[in-house]
Amino acid sequence: MAASFRGGSGHVRARSSAGYVVAGALLWVLLVRIAGAHGIEGKNATFVEQSAGPDFFAYLYLGAKHMVTGYDHLLFVLGVIFFLYRLSHVALYVTLFSIGHSITLLTGVLNGLHVNPHLVDAIIGLSVVYKAFDNLNGFQAVFGAQPDTRLAVLGFGLVHGFGLATKLQDLEPSRDGLVTNMIAFNVGVELGQLVALALMLAAIVWWRSTRGFERRATAANALIMVGGFVLIGYQLAGYFLERSA
């Protein structure tokens, strides 16, 4: 029994170290990439600028790709699900986030409600900082109070939707077929989010089974917070440079 236990312990330590390295590498990649917040570029941008009429599946693909490569959005979702242990809770918070960004994505593009993209992305960075700070129990420790996380996720979802809308508005998509195309884009965003969510959730569930998760989770959320501050600084710098030009 003792020999078996020692072998199992060594295996757990190996899994723990591997989990720390993998999670750290993934978070570092996100941190490096977050400064250049995702947009619609290259052939995809040309397609949106030149297309006219409804093209459901093309916009469905575009929405899914946009979300899967949306490092700022994914960092926020990662923070939201980081300490959720029940699938019902994951479903609740992701649904609230989806409702929020669906409302402002569709409203922004279809009604021409435009917000400065640098300021929107700076607030998206703030949402990342907020969730990591919340995960670190910062509100209780510093302020002695806990905000309603459900309302916060819904509210920040509205901001993230404007972030998605500004990327499309910059390309001035044709009004011909716009409703169909925006619905398709939004459905694609949800599908892309589900794919990313499944991968992140699987990784976190596995990581939780390793020894030392709590200690390493603290470091991971600190890194997520740094990523949010990087995005805030980058976008605010872009905003003030744009105004001074």
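Starting from the Cα-Cα distance between Ala45 and Ile99, subtract it from 0.36 nm times their residue separation and give me the gain in nm to one decimal. Please list the in-between numbers first.
Numbers: separation 54, 0.36 × 54 = 19.44 nm, distance 2.57 nm.
Length gained between Ala45 and Ile99: 16.9 nm.
For Lys43, give me every one of the lysines with a C-alpha distance below 25 angstrom, ignoring sequence neighbours fewer than eight places off in its own chain.
Excluding near neighbours in sequence, the set is Lys65, Lys167.
Give me log10 I(q)/I(0) at q = 0.18, 0.19, 0.21 Å⁻¹ for the range 98-245, Debye formula, one equal scatterer per alpha-carbon, no solvent.
Debye output, listed in q order: -1.19, -1.25, -1.35.
Below 15 angstrom from the Cβ of Ile81, what's the summed charge of the other residues (Lys, Arg +1; Asp, Glu -1)?
Details: positive: Arg86, Lys131, Arg150, Arg208; negative: Asp134.
So the environment of Ile81 carries a net charge of +3.
Just need log10 I(q)/I(0) for the range 102-189 at q = 0.21, 0.24 Å⁻¹, Debye formula, equal scatterers on the alpha-carbon atoms, no solvent, rounded to two decimals.
-0.95, -1.12
Please find the FRET efficiency linking Val187 to Tyr85, where r is the Cβ-Cβ separation and R0 is fixed at 25 Å, and quote it to the nearest 0.05. Intermediate results must be reported in sequence, preceding the final value.
Values: r = 29 Å, r/R0 = 1.16.
Plugging the Cβ-Cβ distance into 1/(1 + (r/R0)^6) gives 0.30.
Where does each of 167-174, 63-70, 205-212 land if you order them by average Cβ count within 10 Å, highest first?
Numbers: 167-174: 17.2, 63-70: 20.9, 205-212: 14.6.
Those peptides, ordered most packed to least, come out 63-70, 167-174, 205-212.
Throughout, read-outs are computed from the coordinates displayed, never taken from laboratory work. Given the structure is predicted, the values throughout are model-derived calculations rather than measurements. Here the Cβ is made from the backbone with ideal geometry for all residues, glycine too, and neighbour counts use every protein chain on show.
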